[in-house]
Amino acid sequence: MGRSGQHAVTAALTAAAVAGAVLVASTAFATPPLTSGFGAPSLGATATLGTSATSGAAWGSSATEAAGSRTAMLAVLAMAAAGAALIVQNKGGGHGELGYHLALKLAKDKGLKVTMINDSAAKKSKPPFNSYADLEAAGVEVKWAALAEEGALASAMEGVGPCDYVFDNQNVCTKDVQKAVAVWSPKAYAYVSSGGMYKPVKAGPLLETGDVKEDNEQLSLEKSAADAGLAWSAFRPQYIYGPKTNKPEYLDWFLDRITRGAPILVPGDGSGFTTLTNAEDAASMLASVVGKEAEAKGQVFNCASDVLVSHIEVVDLCAKAAGKDAAEVRKTVVYYDPAALKGKELPKGGKFPFRETSFGVSADKAKSVLGWTPTHKLEEDMVLYVADYKRLGKDQGDIERSWDEAVLATMK
C-alpha cells in the first residue's frame, strides 16, 4: 500500500461507515423505482445508494442493508489500498484526449483514486473536454487551472496528494509539477513527451536509442524529471486518433479529399511509413506503469501502435472505410517530390498531415518491458471513424486546399 493509501484508509473507514448509514436510511424510506423492460443505461450512468437493481428486491430488509454496507465499505477500502493518481492535462492538441482515456483506465481498471488538473485554456465545448461528465461518473475529481499563470498550479494542488502515481501530459509548467510532486516520492512519474524529437532514419522504425534533436524541449523535460530525483519514465506518442480525439486532422485530411473526389497529394512514391495509434491504446500503455514501477523507472518508451503503415496504405484504408473503390481512389493520387518544394513559399492550409519521409516508431520496448499489448487495429477502427466523420457532416461543404493547389501549380 502506498503512502496515499495509508493516509486514506482511516478516511475510507469513516466514509464507508457513513455510506452504510446512508444506505440503511435510504432503503428504510425509499420506494421501489419504476423499471422498464427495454433500453440500456447510458454511458457514464451510475447506481445510486438506496435503489434496487431489480424490481424484486426486498426493500428495507436487514439483509439488503448489511450487504450494501459491506459492499460500500469494501469498495472504498479497495480504492484506498490501490492508491492515488494525479494527471496534469494540457489544453488540447495531439495529446489532448489522452488524459480523458487515462483517467478512466486508472479509475476503472486499476482501481485508483484519480485527480485530474486540466489546463483551463482548453475549449470545454470540444472533445474530449465536453465528455468529462464520464470522468466524474467514474469517481475522477476534475480541477481546472490556468497553468500558464503563476501560482495556479499550486492553488489547484491544494488538498491533492500525496499520490503514488503522477502522469504529466502538458508542457506549460512541467518543471513546476516535477518539483511539486517530488516531495511525495511517488512510485512513478510518467511524462508524456513527443515522438517528434527523433531524427529520421533511412530504413526501419525509430527506436528509443535513436538519434534525437538535442535542442528539443520535451527532451530537456525528460532530463529534468531525472534531475528532480523522480522515479521517472517518458512516453513519446506519435499521431493519435480515435474516440474523443482533439486533433482529427491526421485521418480527416485523407477523408476530406476522398469523399469529394479531390486529388490526394502523397510524398515520394507513397511507401513512406508512419504509425497511427488509437488514443485508448496510448492511454493503456501509460497506465501499464502501475504494477510495473521498477521496470518503468528511468526508461523511455515509444507510445504508438505496433504496426507501421505506409502513406498509400492510409489512402486505401480510408477509401475502403468510406465505401469507395480503393483502386479508383488511387487514380486520384498525385505523387510529389518534397525536395522540389524546398525554398518555395507555400501556404500551410491543408498541408499533408504527416512527415514527408518515413517517420514511424517501434513500440517493441513497451511490449517487452511493460507487458503492454495494443487492442485496436486501424482497419477496424476506420469503420467507426468514418461513421462519426459523416455523422458530423464533415463530408459536406468546402475544405481547405490552398496548399494542395500551390503544390499542384509547381508541377505544371
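The values are calculated or read from the model by the stated rules, or taken from the named source; none is laboratory data. None of the values given here were measured: they were computed from a predicted structure. Positions of Cβ are generated from backbone atoms using ideal geometry, with glycine treated the same way; all protein chains shown enter the neighbour counts. Note: areas computed on protein heavy atoms with side chains; ligands, DNA, RNA excluded. Shrake-Rupley method; radii C 1.70, N 1.55, O 1.52, S 1.80 Å.
Going through the stretch 153-174 one residue at a time, which ones are aliphatic (A, V, I, L, M) and in a loop (DSSP other than H, G, I, E, B)?
Result: 157, 160, 172.
Only one of (1) under 30 Å from residue 292 (Cα atoms); (2) in contact (Cβ under 8 Å) with a residue 24 or more places away in the chain; (3) not basic (Lys, Arg) fails for residue 373. Which number is that?
(2)
Restricting attention to the stretch 391-412, which residues are closer than 22 Å to residue 336 by Cβ and either in contact with a His (Cβ under 9 Å, 6 or more places away or on another chain) or not in a helix (DSSP H, G or I) (or both)?
Within the stretch 391-412, 399, 400, 401, 411, 412 meet the criteria.
Collect the residues in the stretch 241-278 that are open to solvent by 10 Å² or more (accessible area, probe 1.4 Å), within 28 Å of residue 326 (Cβ to Cβ) and of a type in the set (S, T, N, Q), keeping them in residue-number order.
Listed by number, the residues that qualify are 245, 259, 271.
Determine which single condition residue 121 fails, assuming it passes every other condition in (1) in a strand (DSSP E or B); (2) farther than 24 Å from residue 188 by Cα.
Here residue 121 clears every test but (1).
Taking only the stretch 198-240 into account, find how many residues are aromatic (Phe, Trp, Tyr), open to solvent by less than 10 Å² (accessible area, probe 1.4 Å) and under 29 Å from residue 333 (Cβ atoms).
Summing the residues that are aromatic (Phe, Trp, Tyr), open to solvent by less than 10 Å² (accessible area, probe 1.4 Å) and under 29 Å from residue 333 (Cβ atoms) in the stretch 198-240 gives 1.
Please report, ordered by residue number, the strands (runs of 3 or more DSSP E) entirely within the stretch 230-308 with at least 2 residues that are more than 19 Å from the chain's Cα centre (by Cα) and closer than 19 Å to residue 352 by Cβ.
Those strands (runs of 3 or more DSSP E) span 264-267.
Looking at the structure I just gave you, is residue 357 open to solvent by 30 Å² or more (accessible area, probe 1.4 Å), under 30 Å from residue 189 (Cβ atoms) and among the hydroxyl-bearing types (Ser, Thr, Tyr)?
So residue 357 fails the test.
Is it the case that residue 390 is more than 24 Å from residue 310 (Cβ to Cβ) and among the basic types (Lys, Arg)?
Spelling it out, residue 390 is indeed more than 24 Å from residue 310 (Cβ to Cβ) and among the basic types (Lys, Arg).
Where residues in the stretch 205-221 are in contact (Cβ under 8 Å) with a residue 12 or more places away in the chain and in a loop (DSSP other than H, G, I, E, B), which of them is nearest to residue 169 (Cα to Cα)?
Only one residue fits best here, namely 216.
Being surrounded by fewer than 21 Cβ atoms within 10 Å (Cβ to Cβ), at pLDDT 95 or above and not in a helix (DSSP H, G or I) is the requirement here; does residue 150 meet it?
Answer is yes for this residue.
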